[in-house]
Each structure stands twice: as structure tokens, then as C-alpha cells.
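Written out below as C-alpha cells is the structure these notes cover.
The values are calculated or read from the model by the stated rules, or taken from the named source; none is laboratory data. Note that the structure is predicted; figures quoted are calculated from it, not measured. Counting neighbours? That spans all protein chains shown, and the Cβs are built from the backbone with ideal geometry, glycine included. Protein only, heavy atoms only, side chains kept; ligands, DNA and RNA dropped before computing areas. Shrake-Rupley method; radii C 1.70, N 1.55, O 1.52, S 1.80 Å.
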Amino acid sequence: MIDLKEVEIQRFRGQDHEVDLLKVLLRCATELERVTLRFSRKVSSSDSVCMKIVGILEDYPSVKCNVYQYGKLIFMHE
């Protein structure tokens, strides 16, 4: 997993176990360059899930992240 460069997670809901997985990936995949999260239809873009993601990504400035909902880009961390 160290050489992993790109990850896409579909139907992301922001549940604790999903957020934990994202943290593990960011911490362990030291070559990670890009993360794409595609929210489940059950997640609102104004939900606290977005704030959780922003907080996590602050510790990983080199990782680019795009978050999509309903096929539209709603958040970009570059």
C-alpha cells in the first residue's frame, strides 16, 4: 500500500468506519497523490461529513482530493 498513488471511494457516507479508512489510507500510503470521494445520495453536501474531510485533509497538503455528489464536483482540495 505504500506505493498507492490514487484512490476512489464510491458511495461514501462519512460513517466512522469510512472516515477511519480514509485516515489509514492517508497515513499509510505515503506516495498517495489523489483521493476521489463520491458521496452516497444519502449525504447532504452541507452535512458535517464535508467538514470532517476538510479537517482530515489539512494534515496532508500534498494529497489532492475531489468530492462529488450526484456526479457534480462539490469540493476540491489542491
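Miscellaneous remarks
- Count of Lys pairs (Cα-Cα under 18 Å; at least 8 positions apart or interchain) in the range 1-71: 6
- Computed accessible area, Met76, all protein chains, 1.4 angstrom probe, square angstrom: 100 Å²
- Two-site label geometry, Lys23 and Tyr60: point separation in nm, points 7 Å out along Cα→Cβ: 1.2 nm
- Per-residue [θ]222 nm for the chain (sum of -39500 (n - 2.57) over DSSP H runs n ≥ 4, rounded to 500): -9000 deg cm²/dmol
- Counting only protein heavy atoms and a 1.4 Å probe, the chain has 65 square angstrom of accessible area per residue.
- Note, ³J(HN,Hα) from phi for the range 12-21, Karplus 6.51, -1.76, 1.60, rounded to Hz, x at Gly and Pro: 5, 10, x, 5, 3, 5, 6, 5, 4, 4
- Across the chain, C-alpha contacts under 8 Å between residues 6 or more apart give a mean separation that, scaled by the residue count, equals a relative contact order of 31 percent.
- Here the chain exposes an accessible surface that is 49 percent carbon and sulfur, computed with a 1.4 Å probe and the other protein chains kept in place.
- Options (i) 11.4; (ii) 5.3; (iii) 4.5 - which one matches mean projected area of the Cα convex hull in nm² as calculated here: (iii)
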